[in-house]
1. Which residues, taken from region 3-41, are without any contact (Cβ under 8 Å) to a residue 40 or more places away in the chain, acidic (D, E) and either surrounded by 14 or more Cβ atoms within 10 Å (Cβ to Cβ) or within 17 Å of Q95 (Cβ to Cβ) (or both)?
2. State whether the residues of region 2-20 include one that is over 22 Å from V96 (Cα atoms) and out of contact with any helix residue (DSSP H, G or I) (no Cβ under 7 Å at 6 or more places or on another chain).
3. Could you name every one of the helices (runs of 4 or more DSSP H) located completely within region 42-104 that has at least 1 residues being β-branched (V, I, T), modelled with pLDDT of 95 or more and surrounded by 14 or more Cβ atoms within 10 Å (Cβ to Cβ)?
Amino acid sequence: MHNIKTNFAKIVEVLKDILSNKINEKGNFKRRGVVPIFSDIEVMALSFTAECLSIDSENYLFSKLISKYTDEFENIISRRQYNDRRKLLFEKTEQVAKVNGIRA
């Protein structure tokens, strides 16, 4: 299997370039409330990483993150939080994917 952390880091950098004028310095979109530790950009990048590596099962993804990548992902969120945040970021993720030719 490919290295999830390496791909994740590359995708985070690409997303920062694409969304530089829409996110704050911590990688989050403007919103009220608590600033999350695992940023919006990181949630989007984890979603794109799983898609690029053909990881269809979130259960498999999070079991890999917990078993092999605990040191690389110190601020990883729970699977439930990931799903909730990914739903909130769905429109923004789709816009990035369509504009950059990732999805049709």
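1. D17
2. Filtering region 2-20 down to residues over 22 Å from V96 (Cα atoms) leaves 2-3.
The next check asks that each one be out of contact with any helix residue (DSSP H, G or I) (no Cβ under 7 Å at 6 or more places or on another chain); those that pass are 2-3.
Yes, because at least one residue in region 2-20 is over 22 Å from V96 (Cα atoms) and out of contact with any helix residue (DSSP H, G or I) (no Cβ under 7 Å at 6 or more places or on another chain).
3. none
The values are calculated or read from the model by the stated rules, or taken from the named source; none is laboratory data. Quick caveat, the model's predicted, so the values are computed rather than measured. Glycine gets a Cβ as well: all are built from the backbone with ideal geometry, and neighbour counts include every protein chain shown.
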